[in-house]
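Just below is one structure, and these are the notes that go with it.
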Amino acid sequence: MRRELAAATTAVALLCLAACGPAAEPVGSAAWRPSPHPGAGGPTALLEGRLEEGDGCLYLRTENGTVYVPVFPGEPVWASDDEIRAGDATYRLGDVVQLGGGQGQGGQGQAVDVHSPEGCDPLAPRWNVF
């Protein structure tokens, strides 16, 4: 009976591991905050630009050349080699994307709960994604 129980337990554990797949790796170049912006709702502006990665930082470059550091709610993870999953959304590097939210400050004006990679330009404006 013990052998059967041990075999069944091992089979269930292996099935769970196979179903779960590998753990998603955090996007080390992405800025993020631990939870959505405090308060009800948030800014509702829409920013469009190309999602790029450079110098250890994820950027959003607008058509007029302004470069923002998108700050995602929760830590984004790699969905594939060039796709980032942030919350319910998936973004591909190099694609033009639209991010709802509002502008924030970089440098010393940046919110204290924002995790910003060292490679990010400290003076680049932040775009708080909602």
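The values are calculated or read from the model by the stated rules, or taken from the named source; none is laboratory data. Owing to the predicted nature of the structure, the values given are computational and were not obtained by experimental measurement. Because the Cβ atoms are built from the backbone with ideal geometry, glycine has one as well, and the counts that use them run over all protein chains shown.
Which of the residues spanning segment 65-89 are in a strand (DSSP E or B) and either of a type in the set (D, E) or under 9 Å from the mean Cα position of the chain (by Cα) (or both)?
Those that are in a strand (DSSP E or B) and either of a type in the set (D, E) or under 9 Å from the mean Cα position of the chain (by Cα) (or both): P70, V71, F72, P73, V77, W78, E83, I84, R85, A86.
Quick grid of which residues meet (1) buried (at least 16 other Cβ atoms within 10 Å of the Cβ); (2) modelled with pLDDT of 90 or more; (3) on the phi > 0 side of the Ramachandran plot:
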{"residue": "V77", "(1), (2), (3)": "no, yes, no"}
{"residue": "D81", "(1), (2), (3)": "no, no, no"}
{"residue": "D88", "(1), (2), (3)": "no, no, no"}
{"residue": "G94", "(1), (2), (3)": "no, yes, yes"}
{"residue": "L99", "(1), (2), (3)": "yes, yes, no"}
{"residue": "Q105", "(1), (2), (3)": "no, no, no"}
{"residue": "H115", "(1), (2), (3)": "no, no, no"}
{"residue": "L123", "(1), (2), (3)": "no, no, no"}
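Answer with yes or no whether G41 is exposed (fewer than 14 other Cβ atoms within 10 Å of the Cβ) and modelled with pLDDT of 55 or more.
It is true that G41 is exposed (fewer than 14 other Cβ atoms within 10 Å of the Cβ) and modelled with pLDDT of 55 or more.
Quickly run through segment 51-86 and pick out the residues that are free of Cβ contacts under 8 Å to residues at least 60 places away in the same chain, touching a Pro at 6+ places or on another chain (Cβ under 6 Å) and small (G, A, S).
A86
For segment 58-73, check the following and say yes or no: at least one residue is modelled with pLDDT under 95 and of a type in the set (G, A, S).
No, the conditions are met nowhere in segment 58-73.
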